[in-house]
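Please treat every number below as a calculation from the coordinates, not as lab data. All figures in this text were calculated on a predicted structure; none of them were measured in a lab. Virtual Cβ from ideal backbone geometry, glycine too; neighbours counted across all protein chains shown.
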């Protein structure tokens, strides 16, 4: 849903830049009104997702040694039964 607003803003700024009197002015309009602001907004919109992914990776890394230890205990117990 949030990307729809970004796409609409790209469309609006593209039309704004198309109505400029020169190509340089059009490129500058598109760059200053679209590229830079949307880069910042989209970066901020993904900050929550980046934090969640980082936490999930940290939890997985913490659980991995515990799983390895549990597996090694199981294999040693199975070897002892044989």
query = By how many nm would the segment from residue 43 to residue 63 grow when fully extended, if each residue of separation counts as 0.36 nm and the alpha-carbon distance is taken off?
reply = 4.2 nm
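Multiply the residue gap between residue 28 and residue 4 by 0.36 nm, knock off their C-alpha separation, and tell me the result in nm, one decimal place.
6.3 nm
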ask   = Ranked highest first by average number of other Cβ atoms within 10 Å, how do 36-49, 6-19 line up?
value = 6-19, 36-49
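Quick check on the range 1-45: take the gyration tensor over C-alpha atoms, sort the square-rooted eigenvalues as a ≥ b ≥ c, and tell me if it's rounded (a/c under 1.5), prolate or oblate. Don't skip to the end; give the middle numbers.
Numbers: a/c = 5.32, a/b = 1.88, b/c = 2.83.
Note, shape of the range 1-45 comes out oblate.
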